[in-house]
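Have a look at the structure below before the remarks.
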Amino acid sequence: MAQANTYDYIIIGAGSAGCMLAKRLTENPNKKVLLIEAGKNDNYIWIHIPVGYLYCIDNPRADWRFKTAAEKGLNGRSLLYPRGRVLGGCSSINGMIYMRGQAGDYESWVQATGDDSWSWENALKRYKSFEDYHGAANEWHGKGGEWTVSKQRLRWPIMDRFKEAAVEAGIPASEDFNCGDNFGVGYFDVSQRAGWRLNTSKAFLRDAAKRPNLTVLTQAVVSKLKIDPATKNCLGVEYIKDGQSREALCSIEQGGEVLLSAGAIGSVQILERSGVGAAAHLSQLGIPVIADLPGVGENLQDHLQLRMVYKVNGIKTLNTKANTLLGKMMIGLEYLFKRSGPMSMAPSQLGAFAYSSPEQKRANVEYHVQPLSLEKFGEDLHSFNAFTASVCNVRPTSRGSVHINSTDPEAPPVISPNYLSTDEDRKVAAESLRLTRKIVEQAALGPYMPEEYKPGRQYQTDAELIKAAGDIGTTIFHPVGTCKMGRENDPMAVLDSELRVRSIRHLRVVDASAMPTITSGNTAAPTMMIAERVAELLTRA
């Protein structure tokens, strides 16, 4: 094994959390930081063109290419489960939607941890600190931070009509989904800069990489953490690069730490390979148990989107615009010269938050509406004009799991989201499909004669709608919660409220896996906020 170097901080994973940590921790020139990323540099053109997510997902150049186990709630289907494997992590391949969630989400975190530092008011300060908002700084938004929050550079008439229909159905118009109560309909703000995707590598790492106290390793796969079984000190990491096994050590005598930021899937894999997890499972794989933490890999939460497709007449959608050579040329030229148009599109443009039923205390479903349709991701657009109204339950009660079944660092884990496994989630699914129909039946869309193509009007009863949800449901790429933080008396809490791994010293998990409950919306921005919190703790110590 090659001779090890020693660092004050070792960050595993250069994604939404890891890149921010690298920048914040290297602001102190006396701290030596190592950032380890399994993927390559983010110098792949399709990462930076917004529509390029189509060419990054399920591409080994940027994606781990995971799949779920066959899901009972999805009528036996297995799903692609994209996770970024590149500098910037999932921020290099995600939908670019800037969304904090709702104030109530953070109050739930305070209840779960007993730590008021996770309150909405405190989280809001962190969001504002790294934002560069498209409008003026105000009580909700910051100006001058690294993370650009932009308006979208396109509009679609069919989206405007859907917005009008939603208002007619009782959902108020909204200009901002980031003020704590998201009830409303409007265009999403996006993480873009002048029509280009903004990933965390560009926003945080590019400047930090110029500092002499930061070392960035790409194409380096962490095999396991180095943990002393006697003292329970995390001493560093073992990783594989260029076919060789190597070590990096941490200056724990000076308060150094290993920060595991490999995501809700990757962090679990690394912990379990290192002997941290449920003892029974690790023993089956022949892994010596260093810390019996049964919560590792449990509590997996994700947003399941139900993609309803409606054919329309008398109004253009991207389906027909992109299905001719001339249309493709015009789209390309518009982006080349203006950085606008369909190539600047986030995957979803129009959003809405609504109540699936009056008994809900706050908006519990989110819409991602698109001026296009296709059978499934990766296939060609339909030949007819259509839009997709995708609706997801933002606070699911179903809980799944992710666990390794091999000690091979390149072996995929077993991912079981367990979608639609509770009565509550099945009820919300049926309500959501009915709510979408109610919106589409409003007068604003009437002139375009919308026809339900998927799942189809033949599904009417609760049982039929639940089956339809299983047929059309798919992940919206928001896995969280698999190393949740919690109170000391919670046996399933892997982390304390400062994200330190229980029973192990000098080790934290800093990514979406730390969330005790999923935020009510897209999860990239909350993951950055979590990293900002840990940076506060480490730099103020």
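Taking residue 311, is it farther than 30 Å from residue 30 by Cβ, in contact with an Asp or Glu (Cβ under 6 Å, 6 or more places away or on another chain) and crowded, with 17+ Cβ neighbours inside 10 Å? The answer is yes for residue 311. Answer yes if at least one residue in the range 353-370 is more than 19 Å from residue 466 (Cα to Cα), in a loop (DSSP other than H, G, I, E, B) and touching a strand residue (DSSP E or B) at 6+ places or on another chain (Cβ under 7 Å), and no otherwise. Yes, because at least one residue in the range 353-370 is more than 19 Å from residue 466 (Cα to Cα), in a loop (DSSP other than H, G, I, E, B) and touching a strand residue (DSSP E or B) at 6+ places or on another chain (Cβ under 7 Å). Checking 4, 14, 38 one by one, the residue that is of a type in the set (A, V, I, L, M), surrounded by fewer than 18 Cβ atoms within 10 Å (Cβ to Cβ) and in contact (Cβ under 8 Å) with a residue 60 or more places away in the chain is 4 and no other. Taking (1) of a type in the set (D, E, K, R); (2) touching a Gly at 6+ places or on another chain (Cβ under 7 Å); (3) outside any loop (DSSP other than H, G, I, E, B); (4) in contact (Cβ under 8 Å) with a residue 40 or more places away in the chain in turn, residue 334 satisfies each apart from (4).
Per this entry, residue 362 is not counted among residues that are buried (at least 23 other Cβ atoms within 10 Å of the Cβ), within 14 Å of residue 182 (Cα to Cα) and modelled with pLDDT of 95 or more.
I want to confirm something. Restricting to the range 73-92 and keeping residues that are on the phi > 0 side of the Ramachandran plot and either in a loop (DSSP other than H, G, I, E, B) or without any contact (Cβ under 8 Å) to a residue 40 or more places away in the chain (or both), which single residue is surrounded by the fewest Cβ atoms within 10 Å (Cβ to Cβ)? Out of the qualifying residues, it is 76. Screening residue 96 on (1) in contact with a helix residue (DSSP H, G or I) (Cβ under 9 Å, 6 or more places away or on another chain); (2) aliphatic (A, V, I, L, M); (3) closer than 20 Å to residue 411 by Cα shows it passes everything except condition (3). Out of the range 188-203, which residues are of a type outside the set (A, V, I, L, M) and surrounded by fewer than 21 Cβ atoms within 10 Å (Cβ to Cβ)? Residues satisfying the conditions are 193, 195, 196. Of all residues in the range 270-285, those that are in contact (Cβ under 8 Å) with a residue 24 or more places away in the chain have Cβ atoms under 6 Å from Cβ atoms of residues that are polar (S, T, N, Q), 6 or more apart or on another chain, in 273/407.
Mind listing whichever residues of the range 465-493 are outside any loop (DSSP other than H, G, I, E, B) and either more than 23 Å from residue 84 (Cβ to Cβ) or not small (Gly, Ala, Ser) (or both)? Matches in the range 465-493: 465, 466, 467, 468, 469, 470, 471, 472, 474, 475, 480, 485.
Residue-level check: of (1) touching a strand residue (DSSP E or B) at 6+ places or on another chain (Cβ under 7 Å); (2) farther than 30 Å from residue 181 by Cβ; (3) not in a loop (DSSP other than H, G, I, E, B), residue 326 misses just (1). The criterion of at least 1 residues that are over 30 Å from residue 243 (Cβ atoms) and touching a residue at least 24 places away in the same chain (Cβ under 8 Å) is met by the following strands (runs of 3 or more DSSP E) wholly inside the range 112-223: 147-149, 184-187.
Scanning the range 465-495 for residues that are surrounded by 15 or more Cβ atoms within 10 Å (Cβ to Cβ) and without any contact (Cβ under 8 Å) to a residue 24 or more places away in the chain returns a single hit, 495. Just one of (1) out of contact with any strand residue (DSSP E or B) (no Cβ under 8 Å at 6 or more places or on another chain); (2) under 30 Å from residue 270 (Cβ atoms); (3) of a type in the set (Gly, Ala, Ser) fails for residue 416. It is (1).
Answer yes or no as to whether residue 254 is out of contact with any Asp or Glu (no Cβ under 6 Å at 6 or more places or on another chain) and touching a residue at least 60 places away in the same chain (Cβ under 8 Å). So residue 254 fits the description; yes. Among the residues of the range 496-510, those identified as outside any loop (DSSP other than H, G, I, E, B), surrounded by 21 or more Cβ atoms within 10 Å (Cβ to Cβ) and of a type outside the set (Val, Ile, Thr) are 507, 508. Do we find that residue 513 is assigned to a loop (DSSP other than H, G, I, E, B), over 18 Å from residue 256 (Cβ atoms), in contact with a helix residue (DSSP H, G or I) (Cβ under 7 Å, 6 or more places away or on another chain) and not acidic (Asp, Glu) in this structure? No, not satisfied. Please work out which residue is farthest from residue 503 (Cα to Cα), limiting yourself to the range 228-249 and to residues that are more than 29 Å from the chain's Cα centre (by Cα) and in a strand (DSSP E or B). The residue in question is 244. Taking the criterion of being part of a loop (DSSP other than H, G, I, E, B), out of contact with any Pro (no Cβ under 8 Å at 6 or more places or on another chain) and at pLDDT 85 or above, the only residue of the range 310-323 that qualifies is 313. Just so you know, in the range 438-464 the residues that are in a helix (DSSP H, G or I) and in contact (Cβ under 8 Å) with a residue 60 or more places away in the chain include one that is surrounded by the fewest Cβ atoms within 10 Å (Cβ to Cβ), and it is 443. If you filter the range 93-111 down to residues that are in contact with a Lys or Arg (Cβ under 7 Å, 6 or more places away or on another chain) and in a loop (DSSP other than H, G, I, E, B), you find that the one that is farthest from residue 519 (Cα to Cα) is 96.
Scanning the range 273-311 for residues being among the acidic types (Asp, Glu) and over 17 Å from residue 512 (Cα atoms) gives a total of 1.
The values are calculated or read from the model by the stated rules, or taken from the named source; none is laboratory data. The structure presented is a predicted model; accordingly, all values stated were derived computationally and were not measured. Positions of Cβ are generated from backbone atoms using ideal geometry, with glycine treated the same way; all protein chains shown enter the neighbour counts.
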